[in-house]
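Report on the following structure.
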Amino acid sequence: MSALLTDEDGWDLPRPYCVAVRPRPEHIDGLNHTNNAVYVQWCEQVAWAHSQALGLDLCDYQAQDRAMAIAAADYQYLLPSGEGEALVLATWLTGSDGRLSMERRFQLRRESDGATLMRGRWQLVCIAISSGKPRRMPERFLALYGAAVVEAPPSPEGR
């Protein structure tokens, strides 16, 4: 997975953080397309890559005893992908209440024709790693994540 610079044409929102992905043989399921669980794994990977690019990694989380944990996830699988297809996965932080929660969205597109294959959305909550209980986001989280938030219209159900 490598970060890409991309124009904003065809993306749901401005300023996408993008990575290139390509289904490997082990990603293909009995229906002869990329297993949906692989898309979920890619979303986790691109979210971490984006967080690291913003300046927050696992060491920062551990040092502050805080983490952004997925409270709810929603994925809309629109089209299949096959082995070896060049794909681009984008992510955005699209909302924050400035205290406990954030939203992250995803869009997976096929490079050859720009078709959107999947959209996803996570509701994130800040927790204390030591207890797993919700806790306010540290100032560093608010500053770095807050600066990356992209204004987005309310997400209709399933989008």
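Nothing in this text is a laboratory measurement; each read-out follows from the coordinates by a stated rule. Since we're looking at a predicted model, the values are computed, not measured. Here the Cβ positions follow ideal geometry from the backbone for every residue, glycine too, while neighbour counts run over all protein chains shown.
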Answer yes if at least one residue in the stretch 107-122 is buried (at least 19 other Cβ atoms within 10 Å of the Cβ), in a loop (DSSP other than H, G, I, E, B) and in contact with a helix residue (DSSP H, G or I) (Cβ under 7 Å, 6 or more places away or on another chain), and no otherwise.
no
Give me a count of the residues in the stretch 48-79 that are within 18 Å of Pro138 (Cβ to Cβ), part of a helix (DSSP H, G or I), in contact (Cβ under 8 Å) with a residue 40 or more places away in the chain and among the aliphatic types (A, V, I, L, M).
1
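The rows are residues; the columns are (1) loosely packed, with under 13 Cβ neighbours inside 10 Å; (2) farther than 28 Å from Leu144 by Cα.
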{"position": "Arg24", "(1), (2)": "yes, yes"}
{"position": "Val46", "(1), (2)": "no, no"}
{"position": "Leu56", "(1), (2)": "no, no"}
{"position": "Tyr61", "(1), (2)": "no, no"}
{"position": "Gln64", "(1), (2)": "no, no"}
{"position": "Leu78", "(1), (2)": "yes, yes"}
{"position": "Trp92", "(1), (2)": "no, no"}
{"position": "Asp97", "(1), (2)": "yes, no"}
{"position": "Arg105", "(1), (2)": "no, no"}
Using the structure shown, decide if Ala128 is touching an Asp or Glu at 6+ places or on another chain (Cβ under 8 Å), loosely packed, with under 15 Cβ neighbours inside 10 Å and of a type in the set (A, V, I, L, M).
yes
